[in-house]
Amino acid sequence: MRHTTLGQGTVGVTGLSFGAAGIGNLYTPVGPEQAAAAVDAAWDAGIRYFDTAPHYGLGLSERRLGEALRDRPRAAYTLSTKVGRLLAPVPGGGPVGDDLAHGFAVPATHRRVWDFSGDGVRRSIEDSLRRLGTDRIDIVYLHDPDDHAEEAFQRAYPALERLRAEGVVGAIGAGMNQTAMLTRFLRDTDADVVLCAGRFTLLDQSALTELLPEAVARGRSVVVGGVFNSGLLADPRPGATYDYTAAPPELLDRALRMDAVTRRYGVPLRAAALRYPLRHPAVASVLVGARSAAEVHDAAELAERAVPDELWAELRAEGLLSEDGVLS
């Protein structure tokens, strides 16, 4: 594949983005050497877009990603982070594991404070620049503003526009696990890109209804995350998770039917799940989380797997896949 662009930067040769939540100790600890090796493997695989957030490991992900990229040519890659949660120090901190309620195995040295004010956005960017060790951020997303809609639209987004005009950040947008508010961002603002997690997958094609057509009509980019729906599409079996909870029986059955189809073509279901969003013209990249070099190598191999048109046609014929708006 050729390199593609996102905002002002480069995505890479595979269409993959590196999701850095894992190296922020998502669920379980990751050693510093393993984290650095994961980023190195991504670079060696041709990945040039790296996404992080203050939320991931209370800043650990940003620090580790910044350190791993520090000696790379800054113009050669795209870096994104997020705003909406400020990190407030907690005197005395806490032992490793105290932050597991938020999903990260790190000491609870800080607490997250929701803040979509203009001042909060600027402070968050300043803190992220320091943790990342860089002088600019290529893409900034409003992070999960679901319960803060009006403040996000009336205060946080205008602050991002000002920062973009000042050259402090490049592209701006929002990252969420839903499509309705992301579509509103595309319609009502001058956002450059949105990050849609879990809503454009083999099991959930709801982004096809409004979000992706809106992006095409307005010439905006969409980054897709959560392509495995937290596990079901990676390993469809009883007990698998869907959107971080136990998969309902009907979705498990659907995933197993898809798995049977892809196996007939010699394609792992994981490869089909990863390749599917990249077929849409609005999708600039697929974000895949990785916590080790082995996981990066696996994702890169899956991204390069050829998926025959006949496979997609059979999924559609069996009513397992929508065809509206997707390129064959």
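The values are calculated or read from the model by the stated rules, or taken from the named source; none is laboratory data. Small disclaimer: the values here were computed from a predicted structure and weren't measured. Because the Cβ atoms are built from the backbone with ideal geometry, glycine has one as well, and the counts that use them run over all protein chains shown. Surface accessibility is based on the protein's heavy atoms, side chains included, excluding ligands, DNA and RNA. Shrake-Rupley method; radii C 1.70, N 1.55, O 1.52, S 1.80 Å.
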I'd like the FRET efficiency for ALA246 and ASP98, computed as 1/(1 + (r/R0)^6) with the beta carbon distance as r and R0 of 25 Å, rounded to 0.05.
0.45
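For segment 157-197, which trypsin sites (Lys or Arg not before Pro) pass both filters: DSSP loop (anything but H, G, I, E, B) and at most 15 other C-beta atoms within 10 Å?
Working: sites: ARG162, ARG164, ARG184, ARG187; in loops: none.
Hits after loop and neighbour filter: nothing returned.
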Rounded to the nearest 0.05, FRET efficiency between ARG257 and ARG136 (Cβ-Cβ, R0 56 Å) equals 0.75
Long-range Cα-Cα pairs in segment 11-161 (distance over 20 Å), rounded percent
49
Could you tell me what percent of the DSSP beta bridges with both partners in segment 22-148 are antiparallel, to the nearest 5?
50
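Just in segment 55-159: which trypsin sites (Lys or Arg not before Pro) are loop by DSSP and have at most 12 other Cβ atoms within 10 Å?
Loop-located and lightly packed - ARG70.
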Roughly how many percent of the accessible protein surface of the chain is carbon and sulfur, given a 1.4 Å probe and a whole-percent answer?
50
If the label point sits 7 Å along Cα→Cβ of ARG74, residues of segment 167-189 with amide N under 18 Å come out as 167-171
Label-to-label distance, nm, for residues given as ALA317 and THR209 (7 Å Cα→Cβ offset):
2.9
Relative to the chain, whose Cα atoms define the longest principal axis, helix 293-304 and its Cα axis are tilted in degrees, nearest 10, by 50
Please compute, for the alpha-carbon atoms of segment 262-304, the extent along each of the three principal axes and give them in descending order in Å.
29, 27, 13
By how many nm would the segment from ARG122 to ARG237 lengthen if fully extended, with 0.36 nm per residue of separation less the alpha-carbon distance?
36.9 nm
Quickly rank 113-119, 89-95 as a protection proxy: mean count of other C-beta atoms within 10 Å, highest first.
113-119, 89-95
Please work out, to two decimal places, the log10 of the ratio I(q)/I(0) at q = 0.13, 0.28 Å⁻¹ from a Debye calculation in which every Cα of segment 100-157 carries one identical scatterer.
-0.42, -1.16
Put one equal scatterer on each alpha carbon of the chain, apply the Debye formula with no solvent term, and list log10 I(q)/I(0) at q = 0.10 1/Å to two decimals.
-0.55
Stokes-Einstein D for segment 28-90 at 25 °C, 0.890 mPa s, Kirkwood Rh over Cα pairs, in µm²/s?
195
Using a 1.4 angstrom probe, figure out how much accessible area segment 49-148 has per residue, in square angstrom, rounded to the nearest whole.
40
Within-12-Å neighbourhood charge of SER124 [Cβ basis; K, R +1; D, E -1]:
+2
Roughly what % of DSSP beta bridges within the chain run antiparallel, to the nearest 5?
30
If amide hydrogens are placed 1.01 Å from N in the peptide plane, which non-local residues have theirs closer than 5 Å to the one on THR78?
THR10, TYR49, PHE50
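Calculate, for ARG264 and GLU295, the FRET efficiency according to 1/(1 + (r/R0)^6) with r their C-beta to C-beta distance and R0 25 Å; round to the nearest 0.05.
That gives a FRET efficiency of 0.40.
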Accessible area of segment 189-328 divided out per residue, in Å², using a probe of 1.4 angstrom:
41
